[in-house]
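Inspection log for the structure reproduced underneath, given as structure tokens.
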Amino acid sequence: MGRMRSRSAGRSEASAPARTACVGDRFVDEDGFTTVGVAVALLVTLALLFSAAQLYRIGSLSADVQDVADAAALAAENEVAEFMIAVHVCDALVLSLSVLSLTLSALGVVAACVPPAATLSVKLLDLGKKLMDARDGFAERAEAGLSKLQAALPFLAAANAATVGFANDGDGGGSSYLAVAMLVPEKGKDIQVGRAEEERSAQEDVTVGAEDIRQKAQEVEELAQEANEHKMRGFMADCGNAPGRCQYERAASLASLSAEENPLFASVDTWSFAAALERARAYYAARAAQGIPEDGDDETRGDAALRQRFYRYAQEELSRGYVHEGEGSFEASFPLLFRNTAEMRATTMYTESVYPVTMAEDGRHQVMHAWSGCSRAGGSIGTGSVSLLEAQADGFQRCSACEFRPSSLGNVAAASSSIDNGFEYHYRIVAEAAEEHQRVMDELGPKKAELEDQSDSLIDRLLAVIADLGNKRISAEPPGSKGAIALVVNATTTATDEGFESAFAPGGELGARAAVAGATLVADPAHDGSSVITALLDGFGADGGGAAVGAGRIALDGWSWALQAYGEGQRSLLGVIEDGLNGIPLKSLAGLGTRAADRLESGIEACGLEPAKLDALKPVLVNTEAVAGTGTDAFSIRYREIQRKAREVFGESTDLFSGVVDAIQDGAYDELERVAEGVKIAEVELPFLDEPYPVIVKLPQSLLDGARDMVDRCIEGVRSAQASITGRRVWA
């Protein structure tokens, strides 16, 4: 083997020829780089490479058990998450049935205020009580079903963890995983669904009160009908008969009033008696201002003068009229104008001294004239009144020109008050209608107010109970509500140099490996309004009762809204009310139904029903100390104690597995047989559904495939594997 050459820095081969080593140093170069050195370096590198590869294999095989432990813990806690879904479903049904039941009772009160809906009122109230019975029946069954499922959760979690362990067995890594899991706490709190005692009491009071409302509402409606008839009569006489004869038509024809002074109303709903009074005032003001015609004889012009005096009198009288109309109240004064001499004698026109008096030609009698413009009224000696003319009839002669006598003034409005071509004819109808309307309203107002107070009281009672429903939901703290701890062992012994056999890294055996892992539940916020509940309740409110009508239809449609109210709260609760009110014929003359409906809607807006928290729960990995540290049960206490000792005696084998697997084996074995085929939590039996709607929780198929034996085998395997687990332990 030839000797290696090297060059020294700063020398050339010509000036510094290499030195030749002696025979004893033939393998030594002056720079220490020889063939033997290279060989040794290669051998060390290969040894390190194979050792590192073997260590990587050992580390990888050892780390796999932690991955399986993590998966087992998540799988165990996932059973708790699915249980909480069942709790939310039952809670949604209990709440929705309570909301629907009380809402139907409230709608029954509204319907009781409307006589045409009296029969519907009875049905709604009865259906409301039946739904409360259904609610309590479902609550009782749900309580039993959820309790049964909750008691089985520890075993279900252990079975799911064991299944994960077996699923990770494989030939490639020489694995045989045994996994068990324990829920923290190991026992949950009893699930209780309260009975609807307060709700039933409110419904009983409402049923009794609604019967009284139905009877009184009929009487109030009849009075409202009568009052409306009088108002309609006044409306027709004022402007409703247009373009036929009425105040509106006469005012336009006789006084040429403008549209502003003489408005036309399309319906009685937009009209009021006040409009008729204002029209009459404008009419008499215009007629009084028209003056006396220049042509005609004295009698004709005298009659015109008397009519003008009548218009001024009417203008003054109507100025004292009034109409005061409020919610449920009416007060009006339409001064009546005289129609003949007898009625004229009761007015100021009978006694006012405004008529010119002259001496007759015989010098012994006096003559009274209709107006100062009479051709024979010259040389007046004073004025007199109609009452004077009648009282001293023997002392007066009739004017041959104007023919004035007491009946002249008394008859000035006789014709226009007797036939429909006169304004006074229609005005008197309006005035009499207003008087009758007021008489009925005086009787109607107190009765209507009493009925409104009574319906308000019943509705408020139900609203108070609805507002309190948020405090009566199903809450659960099941086993595993704090988390789950999984214990996993890979009991297979495997060669450490498998796949890396070489003289550079002598082989050995890797014994059983073990790991622990913890998981707990965190909320997974729903997005775009979707949640686990909305998916599970899909179709609950669907139209499965196409033949339902009346109260049944209102209830069926309302249930859809009530289910949504669980997740959306106030907004969908309003939907329940609005949908129900749409099915009630609220329109009535008394307006009690509409008012009660408004009261109910405004009350619902104020009751503040908050939506439930529908975020789905998902398991996530956490430190086992975070799980065990929250528990007060025996398992958690034991686990923390063992964990503490393990940290104090760092480096020796601990009794972790043998100390806690016993607690796991004492899980819910007693409940297993009762839930192995799946659990029917409860059935919803409603009077408007043809068939009951079941709430069923399907259990994993592993439970149907010998889960008890599988879990027992895992527990025993984990316990026996403890003896072979040595070495230092880093707690997860």
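Please treat every number below as a calculation from the coordinates, not as lab data. Just so it is clear, the structure is predicted and the values come from calculations on it, not from any experiment. For neighbour counting, all protein chains shown are included, and Cβ atoms are generated from backbone atoms with ideal geometry for every residue, glycine included.
Let me check against my output: what whole-number percent is the relative contact order of region 220-446, with C-alpha pairs under 8 Å and at least 6 apart? Value for region 220-446: 27 percent.
Near GLY384, the amide H atoms lying under 5 Å from its own belong to VAL354, TYR355, VAL357; only residues 5 or more places off or on other chains count, and H is placed 1.01 Å from N. Along region 418-423 the Karplus relation, 6.51 cos²θ - 1.76 cosθ + 1.60 evaluated at θ = phi - 60°, assigns HN-Hα couplings of 9, 10, 6, 8, x, 5 Hz to successive residues, with x for each Gly and Pro. Taking amide H positions as modeled 1.01 Å from N, with prolines and chain starts lacking one, the residues under 5 Å from ALA332 and 5 or more places away or on another chain are HIS324. Here's the list of lysines a cross-link from LYS618 could span, going by alpha-carbon distance under 19 Å and ignoring same-chain residues fewer than 8 apart: LYS482, LYS698.
One decimal place: the segment SER258-SER457 gains 66.6 nm when fully extended, by the rule 0.36 nm per residue minus the C-alpha distance. For region 220-446, the fraction of alpha-carbon pairs lying more than 20 Å apart is 63 percent, rounded to a whole number. Once backbone amide H atoms are built at 1.01 Å from N, CYS399 has MET368, PHE404 as its partners under 5 Å, excluding neighbours fewer than 5 places away on the same chain. Rounded to the nearest whole Hz, the Karplus-based 3J(HN,Hα) values (6.51 cos²θ - 1.76 cosθ + 1.60, θ = phi - 60°) of region 272-289 follow the sequence 9, 4, 4, 5, 5, 5, 5, 5, 5, 4, 5, 5, 5, 5, 5, 5, 5, 8, with x at glycine and proline.
Ranking SER329, GLY384, ALA286 by how far each Cα lies toward the positive end of the dipole of region 220-446 (charges on Cβ) leaves GLY384 at the top.
Pairs LYS129/LYS472; LYS130/LYS448; LYS447/LYS587: which exceed 25 Å Cα-Cα? Pairs exceeding the cut-off: LYS130/LYS448. Sequence-ordered 3J(HN,Hα) estimates for region 474-483 from the Karplus curve with 6.51, -1.76 and 1.60 and θ = phi - 60° stand at 7, 10, 9, 10, x, x, x, 5, 8, x Hz, glycine and proline given as x. Once you have the Kirkwood Rh of region 345-428 from its Cα pairs, apply Stokes-Einstein at 25 °C and 0.890 mPa s and quote D in µm²/s. Diffusion coefficient, whole number: 179 µm²/s.
The stretch between ALA41 and GLU352, if pulled fully straight at 0.36 nm per residue, gains 97.3 nm over its current Cα-Cα span. Among the trypsin sites (Lys or Arg not before Pro) found in region 256-327, those both in a DSSP coil and sparsely packed, with 16 or fewer other Cβ atoms within 10 Å of their Cβ, are ARG320.
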